[in-house]
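As structure tokens, the structure follows; a few thoughts come after it.
The values are calculated or read from the model by the stated rules, or taken from the named source; none is laboratory data. Everything quoted here is computed from the prediction, not taken from an experiment. When we count neighbours, we look across all protein chains shown, and the Cβ atoms used for this are built from the backbone with ideal geometry, even at glycine.
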Amino acid sequence: MDVNRAPGPGNIPAEFYQHCLDIVKSDIMRLFSHFYAGTLDVQRLNYGVITLLPKVSGADRIQQFRPICLLRCPYKLITKTMDRRVEKYADKLISLSQNAF
């Protein structure tokens, strides 16, 4: 995961998981086990906060802001893992002529 990014709603950045992996590894692995078993309450994990970031100093119009959604790091870990696993099969699963949806 990229470092120096905005932390999610729990205010725990990706750096925490990278630097403290030896401490939280068993909890993360248990989270993945529950996810793959289908017993993880994904709705609680998939909670995000949408916020507006100013594009320019002194922004006062909506066009001068860009929205971002802050997600929890464990959710990002699961989606990143799934993305990397599916990546090698994407050419077989998705037609080359498909460019949306």
### Count - residues of segment 74-101 that are of a type in the set (Gly, Ala, Ser) and closer than 25 Å to Gly8 by Cα
0
### Task
Return only the number of the condition from (1) more than 23 Å from Val3 (Cβ to Cβ); (2) free of Cβ contacts under 8 Å to residues at least 12 places away in the same chain; (3) within 16 Å of the chain's Cα centre (by Cα) that Asp83 does not satisfy.
(1)
### Message
Can you find, within segment 73-97, the residue that is nearest to His19 (Cα to Cα) among those that are modelled with pLDDT of 85 or more and basic (Lys, Arg)?
### Response
Lys76
### Residues of segment 1-59 classified as loosely packed, with under 13 Cβ neighbours inside 10 Å and aromatic (Phe, Trp, Tyr), total
1
